[in-house]
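Reading through the structure tokens given below for one structure.
The values are calculated or read from the model by the stated rules, or taken from the named source; none is laboratory data. Values in this document were obtained by computation on a predicted structure and should not be read as measured data. Positions of Cβ are backbone-derived with ideal geometry, glycine not excepted, and every protein chain shown enters the neighbour counts.
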Amino acid sequence: MISVQDAGESGAGGDLPWFRREFYRCLSRRADALFELCDAVLCADGPVRVDRGVVAGR
């Protein structure tokens, strides 16, 4: 998995942290959960499955 710290070698060290910060600011409710879900989907090697039983309100 590539992290923000690993991106420095490719020269994108300044862009990725900025993008992540701005994307996080766009999220309103449940920002932490949505951000982690997006991170998981983007870093997954295969399909990502969501257990609807853990979603609040269902």
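When Glu22 is tested against the conditions (1) at pLDDT 60 or above; (2) out of contact with any Lys or Arg (no Cβ under 9 Å at 6 or more places or on another chain); (3) surrounded by 10 or more Cβ atoms within 10 Å (Cβ to Cβ), the lone failure is (3). Kindly evaluate Ala33 against the criterion of being of a type in the set (A, V, I, L, M, F, W, C), modelled with pLDDT of 85 or more, in a helix (DSSP H, G or I) and out of contact with any strand residue (DSSP E or B) (no Cβ under 7 Å at 6 or more places or on another chain). Criteria met by Ala33. Output the residue which, of all residues in the range 31-53 that are closer than 13 Å to Arg20 by Cβ and among the aliphatic types (A, V, I, L, M), is surrounded by the most Cβ atoms within 10 Å (Cβ to Cβ). Of everything passing the filter in the range 31-53, Leu34 is surrounded by the most Cβ atoms within 10 Å (Cβ to Cβ).
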